[in-house]
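Here is the structure we will look at, set down as structure tokens.
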Amino acid sequence: MKVAIATDTNSGIPAKQGARLGVFVLAMPVNLEDTVHYEGIDITSEQLYDAMRQHRDVSTSQPSPGQLMELWDGILDQGYDQIVYIPMSSGLSGSCQSAILFAQEYDGRVQVADNHRISVTQRESVLSALRLAQQGLDAEQIKTFLEQHAYDASIYITVDSMEYLKKGGRVTPAAAALATVLNLKPVLTIQGDKLDAFAKVRGIKQAQARMIEAVKQDRADRFGAVPEARLRIETAGTLENPELAEAWRQQVQAEFPFAEVTYANLPCSIACHVGMNSVAVVIMTDETQA
């Protein structure tokens, strides 16, 4: 059984990197006012940030049914027997439920894994799926595995500006204005289903400290029985300055010396909602490792 692994750019995996990994990647639409672009094809994070600096309207949307089914048909035409498609969480977008509906046309050859992840955690699911396929599991078995471990991850993120949370309706204009005046920074969390408020602190340094504290708490409580070899600690963000990104990575690395902490740019799909110069930290498990 030849099983292909496919995902979308919400995972933070661009098409070229996907090709190197052996993963098929669907580029997600990014709207700049009235113009539609596709992440990794004709828009990069840097270009999105430039549009944000100009205060242009940015948003995301679902891929069309034709684009998704063209991806799947192209994979099957290459001789694959089955596909595991890993989109962003159904709690964050309707694209997952749409994909599940379209997959019904493929008589079980396409399995859509709704494992409630995005960005760094979604990428980890893709890598786990690759390892499971190499171990000989079929598409349905891989889908089941990913969904069983869907919530074995947490993302904490803080934003530099309330502008895009306000535009997305996540905070009121009055609350955004007050937060700006008082230099309040919201700490948000994604535990699988949606972007939720977690805490509110004054200043970016306190926000970063609060996120690290939250990860330590998760490690002690939710993941207390998980060996260090199966724990992943990662950082991410929409930082324009590479030196600040490296400083954030090193700060988290110092707190979790057992982990090999890396930094990843958040995909455009998240950047459109949190704006520039946001920072995030992730804790998750790798259940495919012994």
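The values are calculated or read from the model by the stated rules, or taken from the named source; none is laboratory data. Source: prediction; values computed, not measured. Every residue, glycine among them, receives a Cβ derived from its backbone with ideal geometry; neighbour counts consider all protein chains shown. Quick note on the areas: whole protein, heavy atoms, side chains included, nothing else; ligands and nucleic acids left out. Shrake-Rupley method; radii C 1.70, N 1.55, O 1.52, S 1.80 Å.
Observations, loosely collected:
- Residue list for segment 237-269, restricted to those being open to solvent by 20 Å² or more (accessible area, probe 1.4 Å), among the aliphatic types (A, V, I, L, M) and within 21 Å of residue 43 (Cβ to Cβ): 239, 264
- Residues that are in a loop (DSSP other than H, G, I, E, B), of a type in the set (Gly, Ala, Ser) and closer than 22 Å to residue 125 by Cβ, drawn from segment 187-223: 192
- For segment 84-101, a tally of residues being under 20 Å from residue 74 (Cβ atoms) and either open to solvent by 20 Å² or more (accessible area, probe 1.4 Å) or aliphatic (A, V, I, L, M) (or both) returns 6.
- Against the criterion of being open to solvent by less than 50 Å² (accessible area, probe 1.4 Å), under 30 Å from residue 160 (Cα atoms) and more than 16 Å from the chain's Cα centre (by Cα), residue 10 does not qualify.
- Among the residues making up segment 247-290, those that are of a type outside the set (A, V, I, L, M, F, W, C), closer than 19 Å to residue 203 by Cα and at pLDDT 95 or above are 249, 251.
- Any hit, segment 67-74, residues being over 29 Å from residue 271 (Cα atoms) and not aromatic (Phe, Trp, Tyr): yes
- Verdict on residue 21 being hydrophobic (A, V, I, L, M, F, W, C), closer than 18 Å to residue 74 by Cα and open to solvent by 30 Å² or more (accessible area, probe 1.4 Å): yes
- Taking segment 198-215 as the range and being under 14 Å from residue 256 (Cβ atoms) and either over 22 Å from the mean Cα position of the chain (by Cα) or open to solvent by 70 Å² or more (accessible area, probe 1.4 Å) (or both) as the test, only 213 passes.
- Unique match (being at pLDDT 90 or above, among the aromatic types (Phe, Trp, Tyr), under 21 Å from the mean Cα position of the chain (by Cα) and outside any strand (DSSP E or B)) among 49, 85, 38: 49
The rows are residues; the columns are (1) open to solvent by 30 Å² or more (accessible area, probe 1.4 Å); (2) more than 27 Å from residue 156 (Cα to Cα); (3) outside any helix (DSSP H, G or I).
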site	(1), (2), (3)
80	yes, yes, yes
103	no, yes, no
114	no, no, yes
117	no, no, yes
127	yes, no, no
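- Filtered residue count, segment 38-58, keeping only those that are in contact (Cβ under 8 Å) with a residue 24 or more places away in the chain and open to solvent by less than 50 Å² (accessible area, probe 1.4 Å): 7
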